[in-house]
Structures are given as structure tokens and as C-alpha cells.
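Following: one structure in C-alpha cells, then a few remarks.
The values are calculated or read from the model by the stated rules, or taken from the named source; none is laboratory data. Given the structure is predicted, the values throughout are model-derived calculations rather than measurements. Heads up, the Cβs are rebuilt from the backbone with ideal geometry, glycines too, and the neighbour counts pull from every protein chain shown.
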Amino acid sequence: MKVDFQVDLVHSAKTNMNACAVLLKMAAWSEKILQLLRRMNNFYLPGSSRSSCFRFEVDGSQVGWVPPHVASLLKRHPQVFSPPQGGAVRLCPSLDSYESRSEAVDAVLQSLRQEDISCLRGWRDERYSVMPRFSDAPLMWMERAATSLFGVKRYGVHINGYTVGDGGEVSMWLARRSRTKQTYPGLLDNMAAGGLAAGVGIRNTLIKECEEEARIPADIAATARPVSTVSYTYEDEEGVFPESQFVFDLQLPVGFRPSIGDGEVQDFYLLPIEEVKDLLAGDDFKPNSAMVVLDFLIRHSIIEPDAEPFYQDFLTGLHQTL
């Protein structure tokens, strides 16, 4: 009887130790996710440059945030930008059309390229629309690489590719970014994603990126469902980044495999969803793509409010007002 009691005590201790280890692992995972969300929304945190930035206004509407060091550069171009006043940098009123604003600002940016400004080294010849809200008519276009200098809102499309097995088990396709990418080379990414260029629709961008990056036929890509947006604003040494990603879920047939297309991806992996969840807490994920996967986990009840104490914090961090 005494031996049995001692065995029960040992078993109980081991069970408690295992339970504690699981809880510690869960707590560490949650803290890592909170750190990710704070990083991607650091423009809203105390100590950010937000209080010292100037509003960027075009035709009476705010379309971005101009850091002080950028405002000082723009003073050299009084024919395009009015001097900072009332907390705002404004385009000159004489620039009163989409074409004239776009061309005048682009000429300034072309001249700034000669000054070795870090973000402009990644010049892409991609035009992004500039407007107060996504539903508003664009007021001008701007080179993608320059948008962070003006804190202009950027929009993109991200596609979660996933499969569901016969037993209901969910697996997700992840892409490994090419090591020659300008940004986040070699990191894990959503199956396909891309910025929303001026004049190109959301679903057209989805189909184009699926075909170019993952060789997914248009008829399959067209079955993707719009499910969410993920929005955040961060700042770093290259400026201010208010971004919103239009998120789609694409359930792929079991046995279908994406393949490398335009060279922006070096490999694809199909992983069980719990393994994908664990990867989010590491350093191997492109940060905004990790947020898109986190949104997927919440919407598909992989993360539930009874088990995750920071559930509401996660939702707030994923859906900031730009």
C-alpha cells in the first residue's frame, strides 16, 4: 500500500511538472506574439515620433505623416511643398490635379535619390495610390519606395493557402522568400502576397500574385474568399509605415502543390497548423505575414478566448485604425 502511494505521488508530480511546462510554453508564446504586435504598431506607443511628425496634406485632406528630417528636405522644393505650418506639410495649391501632383512629387523624389536616402535605394518603379481612405478617389500616385518618407497608407493582398484533410486536420502552405528579395530575404511568408499598385483591383492583384509567385491557375485562385483586413502602423529608420492587408483564404485541394514562379520564393512548405502556430513565436517569419497567419488562427478557432488570455489584445493589434 505504501509503495502504491509513493508511485502515485511520483506520477502526480510528473503530471504537474508537465502541466507547468505546457503553461510556461503557452505564456512564452503569447508574450512573443504581443511583442510582435507592439513592434508592428510602435507608431502608437509612447516615445514614438508621432508627436513630432507633420501631417501630410493634399487638397485639404491628411494622407500621411512626415517625419521632421524629411520635412527639412522638402523645404528645398517650395514650388512643390509649402513650408511646414500649423503642424502640417502641404502640397502647393497650384498643383491641383492628379497628374500635376504626381509628376511634381516624383521629380522631387528623383532628385532625393541622389542623396543616398536609405529607403530610396530600393526604388521599384511601382506606383502606389495616395488617398485619405481606401474608399476615396486617389489624389496622386507615389513611388512605392518613397511612401515611408511621407507616412502614406499602403495596401496589399495576402493569401492564406491551406488544406483540410479527411479527418478535418488543417495544414497551411508557407512560402520561403528568396534570399535576393529587397526586404526580409529568406524569411517565411504567406503562400502568396503583393502590394496593391495604383489602378489595379484587389482580386486582380490576388490572381496575379498567385500565378506569378506560386503558379496557381486563375480558376483555382478565383475561389479565394475575402475574409479580413489586417492593419497596423510602425516606424523605423526608413520612416512611417501605415499598412493594411486585404486577407483572403484559399482552400487548396489535398495533393495540390504550389510551385516556384517568378523567383520571389525559393520554396514552399505544407505544415500542420499547430506547427505553423509555433513558428509565429520565432524569428523566421516576415512580421506582417505572421500577423496575417495569426488572424487566420483566430478566425479558424485555433486560438480561442478561453485558452488565450491576450485574445482581445491580439484582435486590437491586428486591426488598428490607420
Exercise. For the subset of region 138-187 comprising residues that are acidic (D, E) and either touching a Ser or Thr at 6+ places or on another chain (Cβ under 8 Å) or not in a strand (DSSP E or B) (or both), which member is nearest to G263 (Cα to Cα)?
Worked result: E169
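Return the total of residues in region 216-238 being surrounded by 14 or more Cβ atoms within 10 Å (Cβ to Cβ) and under 19 Å from N160 (Cβ atoms).
So the answer is 10.
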For this session: Residue by residue through region 269-286, note down the ones that are surrounded by fewer than 20 Cβ atoms within 10 Å (Cβ to Cβ) and not in a loop (DSSP other than H, G, I, E, B).
Result: Y269, L270, L271, P272, I273, E274, E275, K277, D278, L279
Problem set entry | Failed item in (1) aliphatic (A, V, I, L, M); (2) farther than 23 Å from T205 by Cβ; (3) in contact with a strand residue (DSSP E or B) (Cβ under 9 Å, 6 or more places away or on another chain), with I117 passing the rest | (3)
For this session: Could you tell me which numbered condition W123 fails, if it satisfies all but one of (1) surrounded by fewer than 17 Cβ atoms within 10 Å (Cβ to Cβ); (2) over 18 Å from L73 (Cβ atoms); (3) within 21 Å of the chain's Cα centre (by Cα)?
Result: (2)
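With respect to A193, determine if the residue is assigned to a strand (DSSP E or B), assigned by TED's automatic domain parsing to the domain that holds G263 and touching a residue at least 60 places away in the same chain (Cβ under 8 Å). Explain how you work it out, then say what you get.
Details: assigned to a strand (DSSP E or B): yes; assigned by TED's automatic domain parsing to the domain that holds G263: yes; touching a residue at least 60 places away in the same chain (Cβ under 8 Å): yes.
Yes: the conditions hold for A193.
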Exercise. Are any residues in region 287-322 over 13 Å from Y162 (Cβ atoms), hydrophobic (A, V, I, L, M, F, W, C) and part of a loop (DSSP other than H, G, I, E, B), and if so, which ones?
Worked result: I303, A307, F310, L322
For this session: Please go through region 78-87 and pick out each residue that is surrounded by 15 or more Cβ atoms within 10 Å (Cβ to Cβ), within 24 Å of S49 (Cα to Cα) and not aromatic (F, W, Y).
Result: S82, P84
Exercise. Which members of region 95-114 meet the condition of being out of contact with any Leu (no Cβ under 8 Å at 6 or more places or on another chain) and surrounded by fewer than 18 Cβ atoms within 10 Å (Cβ to Cβ)?
Worked result: D96, S97, E99, S100, E103, D106, A107, Q110, S111, Q114
Seminar exercise, completed: For region 72-96 the number of residues that are at positive phi and in contact with an Asp or Glu (Cβ under 9 Å, 6 or more places away or on another chain) is 0
Exercise. Condition test on L196, is it surrounded by 20 or more Cβ atoms within 10 Å (Cβ to Cβ), touching a Gly at 6+ places or on another chain (Cβ under 8 Å) and over 16 Å from G261 (Cβ atoms)?
Worked result: yes
Problem set entry | In region 297-322, the residues that are farther than 22 Å from T183 by Cβ and under 17 Å from the mean Cα position of the chain (by Cα) | L297, I298, F314, L315, T316, H319, T321
Problem set entry | Scope region 85-130; condition more than 23 Å from H69 (Cα to Cα) and among the hydrophobic types (A, V, I, L, M, F, W, C); matching residues | L95
Exercise. Among the residues of region 104-119, is there at least one that is of a type in the set (K, R) and not in a helix (DSSP H, G or I)?
Worked result: no
Exercise. Taking region 239-266 as the region of interest, how many residues are surrounded by fewer than 15 Cβ atoms within 10 Å (Cβ to Cβ) and either at positive phi or within 17 Å of the chain's Cα centre (by Cα) (or both)?
Worked result: 2
